[in-house]
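**Student:** Quick one: structure below, then a few questions.
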Amino acid sequence: MNLDLITSASNPLIKTLRGLERKKVRNETGLFLAEGGRLITQALSQGWEIDTLVVSASGLQRDRTPALIAQAADSGARLVQVPDRLASAIARKDNPQAVVAAIRQRPLSLQALDAHRSGLWLGLYEIRDPGNLGTILRTADCAALAGIVMIGPCCDPYSVEAVRASMGSLFDVRLALSDYDAFQAWRSDTGLSLVASSINGQTRHTEVDFARPSLILMGNEQAGLPPKVEADCDQLCRIPMRGGADSLNLAQATAIMVYEGWRQRGFA
Ligand code: SAM
């Protein structure tokens, strides 16, 4: 298999790959970075387009690397070999993974979500922390949610931190981005019951009927859900708390809500 050897940090491709740490460059190129053989294999198996596969010199010595290179080549990826120091520079880590890939972004529109599926859905309102987002994507994947809608200005699901925290679940879940009005129009078309998870809820989260096709709506890390959005929901529910903290962490509250919904559906 032929890999292009690049050794200079000033090579334009290396500069672009390094730039993918920044949202501006991700938006301009439509690409994002994923590190490690496991994540890249997962992306390939889910049909994501690998634009460039970068293999470090020490990565080339690993047993599993040739199979990954062959798979990426079959899918049409550009193959590049770099010294370890350049792999570190791209991943901005002292001990980078053996392989790093630039992958084409694949956001879904609301219309591309199969909204009439009778499953459980998740809405994330103006969430800002990519670590929380990655953790939530992983939970959503584990609980086989029907889909996720990120509503309003949110953190970037293609940031290095979100991709890392999702542990590859970004490649498995159905994720759409939307503004609030378009989300509400889509939601009323689908007939999904809108259940806000909120510290203002009067109903305990275990008392919500999740057998109905439902979308669980989670709020921003600092401000929660605005009053107008809460007023638009069919139900507000609260996870009990007794200590001094005013709320649970967003990713943990999401896991509790999603798993309650799934439990009620017999973990089907
Ligand atoms: N100060 C914010 C507020 O007033 O809502 C707290 C935001 S909290 C860190 C982020 C999100 O996690 C909330 O919007 C809500 O969706 C969810 N959450 C946190 N604790 C919760 C609880 N006890 N019950 C229900 N949802 C909760």
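**Student:** Out of curiosity, is ASN132 more than 20 Å from ILE40 (Cα to Cα) and either in the same structural domain as LEU250 (by TED's automatic domain parsing) or more than 21 Å from the chain's Cα centre (by Cα) (or both)? Before the answer, list the steps.
**Tutor:** Details: more than 20 Å from ILE40 (Cα to Cα): yes; either in the same structural domain as LEU250 (by TED's automatic domain parsing) or more than 21 Å from the chain's Cα centre (by Cα) (or both): yes.
Considered against the rule, which asks whether it is more than 20 Å from ILE40 (Cα to Cα) and either in the same structural domain as LEU250 (by TED's automatic domain parsing) or more than 21 Å from the chain's Cα centre (by Cα) (or both), ASN132 comes out as yes.
**Student:** Further, regarding this structure: So for the range 193-209 (the condition being crowded, with 18+ Cβ neighbours inside 10 Å, under 22 Å from the mean Cα position of the chain (by Cα) and not small (Gly, Ala, Ser)), does at least one residue qualify?
**Tutor:** The answer is yes; a qualifying residue exists.
**Student:** If ARG265 satisfies every condition in (1) in contact with a strand residue (DSSP E or B) (Cβ under 8 Å, 6 or more places away or on another chain); (2) among the charged types (D, E, K, R); (3) over 21 Å from CYS142 (Cα atoms) but one, which is the exception?
**Tutor:** It fails just one condition, (3).
**Student:** Could you tell me whether the range 110-120 includes any residue that is within 16 Å of the ligand (Cβ to nearest atom) and of a type in the set (A, V, I, L, M, F, W, C)?
**Tutor:** Within the range 110-120, one or more residues are within 16 Å of the ligand (Cβ to nearest atom) and of a type in the set (A, V, I, L, M, F, W, C).
**Student:** Sort through VAL82, VAL25 and tell me the only one that's more than 21 Å from the chain's Cα centre (by Cα) and either surrounded by fewer than 19 Cβ atoms within 10 Å (Cβ to Cβ) or of a type in the set (Val, Ile, Thr) (or both). Explain how you work it out, then say what you get.
**Tutor:** Numbers: VAL25 fails: more than 21 Å from the chain's Cα centre (by Cα).
Only one candidate passes the filter, namely VAL82.
The values are calculated or read from the model by the stated rules, or taken from the named source; none is laboratory data. Note that this is a predicted model, so its numbers are computed, not measured. When we count neighbours, we look across all protein chains shown, and the Cβ atoms used for this are built from the backbone with ideal geometry, even at glycine.
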